[in-house]
Amino acid sequence: MQKFFGLNVTGKVDKETLDVMRQPRCGVPDVAWFSTMPGGSIWRTHNLTYRVVSYTPYLPRSAVDDVFEKAFQLWSDFSPLTFTKIFSGEADIMISFLRGDHGDNNPFDGPGDRLAHAFAPGPRLGGDAHFDVDETWTVEPWTEDYSRYNLLYAAAHEFGHSLGLGHSSDISSLMYPTYQLTSEVLLGEDDVNGIQSLYGEKQRPPINPSIRKTVIAPKVCDRDLTFNAVTTVRGEIMFFKDRFYIRPMNNYLEEEVNYISVFWSHLPSEIDAAYEFQEEDIVLFFKGSKYWVVQELNELAGYPKDIYSSFGFPRTVKKIDAAASDEYTGKTYFFVADQYWRYDERQRSMDEGYPKMIADDFPGIGDKIDAAFYKNGIFYFFHGTEQYNFNPKTKEVRVLRTNSWFNC
């Protein structure tokens, strides 16, 4: 399970594994990276029928019917399949809202955890989709505490199983086994590849189809690796690249690479800068003129806020390139283009006499910084594929590659 979800494989049920296990999910077992259902069964016709046998009490029937029509259309947009609703008799795909043990050896468990399941194409139960009637289904975006569940996302996922697709280990895929907090329900590239491998391409593709793009995780041993931001988080170093974080593990012998949203669902991708202020156990993340705060690893409410009213930056500053905080002095250094500001965390004010030129006070590191952090009396600066370890007392600089932190 840990390997499937991209977690550090320890063989133990650690916090990260528990967090994934607690996420609401599909009741179909995890299989592979775009995969077909066990047995490889598919429908022998491209013209399928479906029937809604029972409904949820939380939504009007018309709303449920609209959701199911949209969910099927997501799949028909990228395949030759068609879906027709019937109102009596046996359909290829029978859809029901059920409770507890409902006769298919796959009982529901009440609110939360397993929300729905579906069966691979075939006779009798084949193709049928079951939804837990005890869940609070909605057509609105999901809440962060998972108190209600978006029916379109769940239905589109389950219908993927009804068509013969298994689970995918691509987190951008609709067929990823745990349901994701998202405001937009789209097929991923992996989903499109999967459905077309079973049924072929649509003869007349939809105009301007929307696909959730597969995002390639950074390769830590790539000699051209660069970072958007670097910070410590409770003393551990975390590197940020596009949508991902990279976290050295086990005394830097291996690395954990995963989506930022796995830790903090509301942070933006492509963070510009970040730093930790250990006295308050907070980490600040910057993008553009906005910033977010995480305290004790939890995202604080009321953010993002702007950098002008909070830190006193002039309006000419549009983004922070890098930030580093000295835990001993309580001073935080903000790097913007070829200048830097120094902020007093304890006084909550910018120090006088700033900005100053980076090249004057940090000789040997260049005048442009992509990312930075401070640890044990050393500034670590990153620009392009190079890292500059700067000792502020001696002004000595050591130049390494950005991926020198990793076991390459």
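Against the condition in contact with a Leu (Cβ under 7 Å, 6 or more places away or on another chain), over 19 Å from Gly302 (Cβ atoms), hydrophobic (A, V, I, L, M, F, W, C) and crowded, with 18+ Cβ neighbours inside 10 Å, how does Ile246 come out, does it pass? No; evaluated as a whole, the condition is false for this residue.
Whether any residue in the stretch 83-90 is of a type outside the set (Gly, Ala, Ser), surrounded by fewer than 14 Cβ atoms within 10 Å (Cβ to Cβ) and within 17 Å of Val185 (Cβ to Cβ) is what I want to check. Walk me through it before giving the result.
As a first pass, look at the stretch 83-90 and keep what is of a type outside the set (Gly, Ala, Ser): 83-87, 90.
Those still in the list that are surrounded by fewer than 14 Cβ atoms within 10 Å (Cβ to Cβ) too: 84, 86-87, 90.
Subsequent filtering for residues that are within 17 Å of Val185 (Cβ to Cβ) retains none.
No, the conditions are met nowhere in the stretch 83-90.
Residues satisfying the criterion are present in the stretch 331-339 (criterion: in contact with a Ser or Thr (Cβ under 7 Å, 6 or more places away or on another chain), in contact (Cβ under 8 Å) with a residue 12 or more places away in the chain and not hydrophobic (A, V, I, L, M, F, W, C)).
Look through Phe4, Phe34 and report the one residue that is modelled with pLDDT under 50, touching an Asp or Glu at 6+ places or on another chain (Cβ under 6 Å) and buried (at least 18 other Cβ atoms within 10 Å of the Cβ). Don't jump to the end; show me each part of the working.
Values: Phe4 fails: buried (at least 18 other Cβ atoms within 10 Å of the Cβ).
On inspection, the qualifying residue turns out to be Phe34.
A single member of Phe131, Phe108 is at pLDDT 85 or above, more than 24 Å from Val257 (Cα to Cα) and either surrounded by fewer than 24 Cβ atoms within 10 Å (Cβ to Cβ) or among the β-branched types (Val, Ile, Thr) (or both), and it is Phe108. Within the stretch 347-381, the only residue that satisfies the criterion of being farther than 18 Å from Gly330 by Cα and in contact with a Ser or Thr (Cβ under 7 Å, 6 or more places away or on another chain) is Asp370. In the stretch 228-245, the residues that are farther than 15 Å from Asp321 by Cβ reach residues that are of a type in the set (Asp, Glu) with C-beta atoms within less than 7 angstrom, at least six apart or across chains, in these pairs: Thr232/Glu276; Val233/Glu276; Asp242/Glu270.
Condition check ((1) more than 27 Å from the chain's Cα centre (by Cα); (2) over 30 Å from Val262 (Cβ atoms)) across all residues:
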site: Glu296; (1), (2): no, no
site: Lys319; (1), (2): no, no
site: Trp341; (1), (2): yes, yes
site: Ile365; (1), (2): yes, yes
site: Glu386; (1), (2): yes, no
site: Lys393; (1), (2): yes, yes
site: Leu400; (1), (2): yes, no
site: Asn407; (1), (2): no, no
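In the stretch 116-123, the count of residues that are under 21 Å from Lys70 (Cα atoms), crowded, with 22+ Cβ neighbours inside 10 Å and modelled with pLDDT under 90 is zero. Summed over the stretch 239-285, residues that are under 22 Å from Phe379 (Cβ atoms) and within 11 Å of the chain's Cα centre (by Cα) total 1.
Just for strands (runs of 3 or more DSSP E) wholly inside the stretch 72-187: which have at least 1 residues that are more than 19 Å from His46 (Cβ to Cβ)? Step through it out loud before you land on a result.
Values: elements: 82-85, 93-98, 114-118, 129-132.
It comes to 93-98, 114-118, 129-132.
Considering the stretch 249-278, and only residues there that are acidic (Asp, Glu) and modelled with pLDDT of 90 or more, the residue that is nearest to Ala301 (Cα to Cα) turns out to be Glu276. The strands (runs of 3 or more DSSP E) located wholly in the stretch 251-317 that include 1 or more residues which are within 27 Å of Gln339 (Cα to Cα) and of a type in the set (A, V, I, L, M) occupy 273-277, 282-287, 290-295. Can you confirm whether the stretch 53-76 contains a residue that is polar (S, T, N, Q), assigned by TED's automatic domain parsing to the domain that holds Ala155 and in contact with a His (Cβ under 8 Å, 6 or more places away or on another chain)? No, every residue in the stretch 53-76 fails to be polar (S, T, N, Q), assigned by TED's automatic domain parsing to the domain that holds Ala155 and in contact with a His (Cβ under 8 Å, 6 or more places away or on another chain).
Results for (1) without any contact (Cβ under 8 Å) to a residue 60 or more places away in the chain; (2) out of contact with any Ser or Thr (no Cβ under 9 Å at 6 or more places or on another chain), shown as yes or no for each residue.
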site: Ile42; (1), (2): no, no
site: His46; (1), (2): no, no
site: Val53; (1), (2): yes, no
site: Pro57; (1), (2): no, yes
site: Ser62; (1), (2): yes, yes
site: Gln73; (1), (2): yes, yes
site: Ala91; (1), (2): yes, no
site: Gly103; (1), (2): yes, yes
site: Pro107; (1), (2): yes, yes
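Would you check which residues across the stretch 300-327 are farther than 17 Å from Ser289 by Cα, in contact (Cβ under 8 Å) with a residue 40 or more places away in the chain and not small (Gly, Ala, Ser) and list them? Residues satisfying the conditions are Asp326, Glu327. Please go through the stretch 260-297 and pick out each residue that is surrounded by fewer than 19 Cβ atoms within 10 Å (Cβ to Cβ) and of a type in the set (Ser, Thr, Tyr). Selection gives Ser261, Ser265, Ser269, Ser289.
Remark: pairs (first residue in the stretch 152-179, free of Cβ contacts under 8 Å to residues at least 24 places away in the same chain; second residue in a loop (DSSP other than H, G, I, E, B) and surrounded by fewer than 22 Cβ atoms within 10 Å (Cβ to Cβ); Cβ separation under 8 Å; 6+ apart in sequence or on different chains) = Tyr176/Ser169; Tyr176/Asp170. Of all residues in the stretch 353-367, none are part of a strand (DSSP E or B) and among the hydroxyl-bearing types (Ser, Thr, Tyr). Given the criteria surrounded by fewer than 19 Cβ atoms within 10 Å (Cβ to Cβ), among the hydroxyl-bearing types (Ser, Thr, Tyr) and more than 13 Å from the chain's Cα centre (by Cα), does Thr231 qualify? For Thr231, the condition - surrounded by fewer than 19 Cβ atoms within 10 Å (Cβ to Cβ), among the hydroxyl-bearing types (Ser, Thr, Tyr) and more than 13 Å from the chain's Cα centre (by Cα) - is not met.
The values are calculated or read from the model by the stated rules, or taken from the named source; none is laboratory data. Quantities reported herein were computed from a predicted structural model and do not represent experimental measurements. Cβ coordinates were reconstructed from backbone atoms using ideal geometry, including for glycine residues, and neighbour counts include every protein chain displayed.
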